[in-house]
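The values are calculated or read from the model by the stated rules, or taken from the named source; none is laboratory data. Here the structure is a predicted model, which is why all the values come from computation and not from measurement. Every residue, glycine as well, gets a Cβ built from its backbone with ideal geometry; the counts of neighbours run over all protein chains shown.
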Amino acid sequence: MTVRIEPSILSADFANMESELQRIASADLVHVDVMDNHFVPNLTFGPAMVERVQATSPVPLDVHLMIEDPDRWAPDYAELGAHSVTFHAEAAADPVSLARRLRSIGARAGLGIKPGTDVAPYLELLEEFDQILVMTVEPGFGGQSFMADMMPKVSAVRDAVRGAGLDVWLQVDGGITVETIAAASAAGADTFVAGSSVYATPDPGAAIAELRAAAAAHSH
């Protein structure tokens, strides 16, 4: 499987965002966490910041919306030119309609699943989405420990994607390191969000390469 590494700018130096983005130019996409302090207990940034990141990033944007009422707000991020927009199953009133709206604007549509959410109801809707994000921490803050007990959920999504013959990216986000990426890759994930394990290192480019190699060694 193709391995995609997405550094999260949640771990970047916000005061030097343009140079921080250049440091991850070898990544596949950049993960942009939008939090509203309602859906999750943290507040990050909104459309104005995302628009600036879009204008300066050397790689495409994957915007992860941890917000209430994504049915109203998610299309705005697609309109900004984001390559992919992921909203949460727990927050969307009508996930299928919203995904279709995002696709009609020209973005990939992603569906996020929190650790406590059963993925089963969404497996029969896979063709409506371009990406399924299985959270491997409770969303809200970076630097949390990887939840290995989410791997059966990842495997269930991978089996359903394969069974349906679809090209749906399977993303994991939370606690991804060179050690944990092996388990996530073996379970079937192909798209990996990494925050501190990239940005807390002296050489993010080397960290990205190391993560990619570790994932590739365990993918099947």
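Can you find a residue that is among the charged types (D, E, K, R) and farther than 29 Å from residue 209 by Cβ anywhere in the range 83-98? Spell out the reasoning first.
Filtering the range 83-98 down to residues among the charged types (D, E, K, R) leaves 90, 94.
Still in the running and farther than 29 Å from residue 209 by Cβ: 90, 94.
Checked against the condition, which is being among the charged types (D, E, K, R) and farther than 29 Å from residue 209 by Cβ, the range 83-98 yields at least one hit.
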Which numbered condition residue 63 misses (of (1) in contact with a Pro (Cβ under 7 Å, 6 or more places away or on another chain); (2) aliphatic (A, V, I, L, M); (3) not in a helix (DSSP H, G or I)): (1)
Going by the structure shown, is residue 193 outside any helix (DSSP H, G or I), in contact with a Lys or Arg (Cβ under 9 Å, 6 or more places away or on another chain), within 25 Å of residue 83 (Cα to Cα) and β-branched (Val, Ile, Thr)? no
For the range 121-150, which residues satisfy the criterion of being of a type in the set (Ser, Thr, Tyr) and part of a loop (DSSP other than H, G, I, E, B)? 136, 145
Identify, from the list 125, 166, the residue that is surrounded by fewer than 18 Cβ atoms within 10 Å (Cβ to Cβ), within 16 Å of residue 109 (Cα to Cα) and in contact with a strand residue (DSSP E or B) (Cβ under 9 Å, 6 or more places away or on another chain). 125
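Could you look through the range 66-84, keep only residues that are of a type outside the set (A, V, I, L, M, F, W, C) and in a helix (DSSP H, G or I), and pick out the one that is nearest to residue 138 (Cα to Cα)? Explain how you work it out, then say what you get.
Going residue by residue through the range 66-84, those that are of a type outside the set (A, V, I, L, M, F, W, C) are 68-72, 75-77, 79, 81, 83-84.
Cutting the leftovers down to in a helix (DSSP H, G or I) gives us 70-72, 75-77, 79.
Values: 70: 18, 71: 22, 72: 23, 75: 24, 76: 25, 77: 23, 79: 28 Å.
Taking the candidates together, the pick is 70.
Which ones in the range 175-220 are among the β-branched types (Val, Ile, Thr), farther than 18 Å from residue 134 by Cβ and either crowded, with 22+ Cβ neighbours inside 10 Å or free of Cβ contacts under 8 Å to residues at least 12 places away in the same chain (or both)? Even if it seems obvious, please write down each step before you answer.
Of the residues in the range 175-220, the ones among the β-branched types (Val, Ile, Thr) are 176-178, 180-181, 191, 193, 198, 201, 208.
Among the residues that remain, those that are also farther than 18 Å from residue 134 by Cβ are: 178, 198, 201, 208.
Listed by number, the residues that qualify are 198, 201, 208.
So which residues in the range 112-122 are under 22 Å from residue 37 (Cβ atoms) and crowded, with 17+ Cβ neighbours inside 10 Å? Walk me through how you get there before you give the answer.
Looking only at the range 112-122, we keep the residues that are under 22 Å from residue 37 (Cβ atoms), and these are 112-117.
If the condition is that a residue be under 22 Å from residue 37 (Cβ atoms) and crowded, with 17+ Cβ neighbours inside 10 Å, then 112, 113, 114 are the ones that fit.
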Looking only at residues in the range 1-41 that are of a type in the set (Gly, Ala, Ser) and outside any strand (DSSP E or B), which one is nearest to residue 218 (Cα to Cα)? 27
Breaking point among (1) modelled with pLDDT of 95 or more; (2) within 17 Å of the chain's Cα centre (by Cα); (3) surrounded by fewer than 23 Cβ atoms within 10 Å (Cβ to Cβ); (4) closer than 22 Å to residue 198 by Cβ, for residue 45: (1)
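A quick yes/no check of all residues on (1) farther than 15 Å from residue 175 by Cβ; (2) without any contact (Cβ under 8 Å) to a residue 12 or more places away in the chain; (3) among the acidic types (Asp, Glu):
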| site | (1), (2), (3) |
| --- | --- |
| 113 | yes, no, no |
| 121 | yes, yes, no |
| 125 | yes, no, no |
| 129 | yes, no, no |
| 134 | no, no, no |
| 139 | no, no, no |
| 147 | no, no, no |
| 158 | yes, no, no |
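So in the range 19-42, with the set limited to residues that are loosely packed, with under 15 Cβ neighbours inside 10 Å and not hydrophobic (A, V, I, L, M, F, W, C), which one is farthest from residue 196 (Cα to Cα)?
In the first step, residues of the range 19-42 are kept if they are loosely packed, with under 15 Cβ neighbours inside 10 Å; the result is 19, 22, 25, 37-38, 41.
Still in the list and also not hydrophobic (A, V, I, L, M, F, W, C): 19, 22, 37-38, 41.
Numbers: 19: 17, 22: 16, 37: 21, 38: 24, 41: 19 Å.
This residue is 38.
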